Amino acid sequence: MADLYLKALTSERRALWAECRLKGLAKDTVQRQRIVEIDALLAAHKAKQDGKPTA
């Protein structure tokens, strides 16, 4: 089954990263800070998935 949460976070991160690249945004902008937040959420989600036993 597709992990919609992971897919949504990844999609949002890609869109923000593209916007930052196109506009040449600095590291202290809201968009770049959100990318850092998404990276943390992705890492936590993947760690949660890895710790879950498979049935």
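At a glance:
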read-out: Qualifying positions in segment 1-22 - of a type in the set (A, V, I, L, M) and under 13 Å from residue 38 (Cβ atoms); value: 6, 8, 9, 15, 16
read-out: Residue 50 vs. criteria of a type in the set (Asp, Glu) and either open to solvent by 70 Å² or more (accessible area, probe 1.4 Å) or touching an Asp or Glu at 6+ places or on another chain (Cβ under 7 Å) (or both); value: yes
read-out: Check on residue 27, part of a helix (DSSP H, G or I), open to solvent by 80 Å² or more (accessible area, probe 1.4 Å) and modelled with pLDDT under 95; value: no
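The values are calculated or read from the model by the stated rules, or taken from the named source; none is laboratory data. Computed from a predicted model, the values in this text were never measured in an experiment. Because the Cβ atoms are built from the backbone with ideal geometry, glycine has one as well, and the counts that use them run over all protein chains shown. These accessible areas exclude ligands, DNA and RNA; they are computed on the full protein's heavy atoms, side chains included. Shrake-Rupley method; radii C 1.70, N 1.55, O 1.52, S 1.80 Å.
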